[in-house]
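One structure, as structure tokens, below. Some questions next.
Coordinate-derived values only; no laboratory data. Nothing here was measured: the structure is a model prediction, and the numbers come from that model. When we count neighbours, we look across all protein chains shown, and the Cβ atoms used for this are built from the backbone with ideal geometry, even at glycine.
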Amino acid sequence: MNAHSAALILGDLQNDFLHPQGAYGRAGQTCAAIAALPDRLAPLARLARARGILVVATLFTLVPGRDGQPIISPHLRTLRPFLRAGDFASGAWGQQLVEVLAPPDVTIEKVAYSAFYMSRMDWLLRKCGIERLYVAGIVTNGGVTSTVRDAHVRDMDCTIIADGCAAFSPHVHDAAIDALRPLARIITLTQAMLEFKSVPVR
């Protein structure tokens with residue numbers, strides 16, 4: 001494994017999604033599997049930094065439009081009517097990576113499921129010489145799936161850390177992982193730790 005060509009993607013593990021005082025927490029929109037991810041992934045993130053593996057946090061962002069109200073896609077407004085001005089705002093506490101996983105090496109603001117859509121993700125990864133992605137985060141059937149599929153069409157080698165991802169339903173999570181098997185290597189968090197440990201300390 002070459003640390004200089006690998007990146008750990010922490011997908012959408014943000015305060016507004018995960019913290020009790022965040023947008024989703026205030027609305028009671030959470031589940032145990034999602035809530036457990038930050039503490040589960042923290043040792044891997046620390047190990048990645050120690051081994052020189054780029055840690056990339058993708059941050060879902062709601063951009064303010066007219067009168068400061070966030071621009072929300074119709075499908076998202078239907079699914080999450082509780083979203084309001086200030087939620088997922090660029091630079092705000094709610095938009096940021098949860099504290100236990102911070103700091104990332106770089107952040108990518110995203111406006112849709114895929115971290116590649118209308119963002120600087122592709123440009124940044126190529127400028128940093130990244131060829132292999134280790135993907136973790138939420139939700140498995142949304143941001144994780146869309147980002148992996150977009151990475152695949154860009155000829156990037158993707159590894160999904162299955163138990164480092166979660167959805168609101170275990171069944172949905174498992175179905176999403178199975179659907180990605182033709183496109184990506186599927187491993188466990190334990191396997192990811194072993195692979196990262198194989199890289200010499202910087």
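Only helical DSSP H runs with n ≥ 4 go in: add -39500 (n - 2.57) per run for the chain, normalise by residue count and round the 222 nm mean residue ellipticity to 500 deg cm²/dmol. Spell out each step's value before the answer.
Working: 9 runs with 68 residues, N = 202.
Theoretical 222 nm ellipticity from helices: -9000 deg cm²/dmol.
Which order results if MET193, MET121 are arranged by neighbouring Cβ count within 10 Å, fewest first? Kindly include the intermediate steps, with their values, before the conclusion.
Details: MET193 15, MET121 23.
The most exposed by this proxy come first: MET193, MET121.
Then there is this: Contour minus end-to-end for ARG46 and HIS75, with contour as 0.36 nm per residue of separation and end-to-end as the Cα-Cα distance?
6.9 nm
Show me, for the range 138-144, the HN-Hα J-couplings you get by feeding each phi into the Karplus relation (A = 6.51, B = -1.76, C = 1.60, θ = phi - 60°), rounded to Hz, glycine and proline as x.
Couplings: 10, 8, 4, 8, x, x, 5 Hz.
So who's got an amide H within less than 5 Å of the one on VAL139, skipping anything under 5 residues away but keeping other chains? H placed 1.01 Å off N, in plane.
VAL144
Scan around CYS158 for amide H atoms under 5 Å from its own, H built in the peptide plane at 1.01 Å from N, and keep only partners 5 or more places away or cross-chain.
Here LEU133, ARG185 satisfy the definition.
Scan around GLY164 for amide H atoms under 5 Å from its own, H built in the peptide plane at 1.01 Å from N, and keep only partners 5 or more places away or cross-chain.
When sequence neighbours closer than 5 places are left aside, the close amide H contacts are LEU189.
How would you rank SER114, SER146, going from fewest to most other Cβ atoms within 10 Å of each one's own Cβ?
Details: SER114 21, SER146 18.
If I rank by nearby Cβ atoms, fewest first, I get SER146, SER114.
Another question about this same structure. To check you understand DSSP bridge types, tell me what percent of the beta bridges within the chain (both residues inside) are antiparallel, rounded to 5. Mind showing how you got there, number by number?
Numbers: 2 of 27 bridges.
Antiparallel: roughly 5 percent of the beta bridges in the chain.
Can you put PHE17, PHE82 in order, fewest other beta carbons within 10 Å first?
On the way: PHE17 26, PHE82 12.
The fewest-first ordering by Cβ neighbours comes to PHE82, PHE17.
Another question about this same structure. Figure the gain on full extension for CYS31 and VAL111 (residue separation times 0.36 nm, minus the Cα-Cα span) and round it to one decimal in nm.
Details: separation 80, 0.36 × 80 = 28.80 nm, distance 2.30 nm.
Gain on extension, CYS31 to VAL111, equals 26.5 nm.
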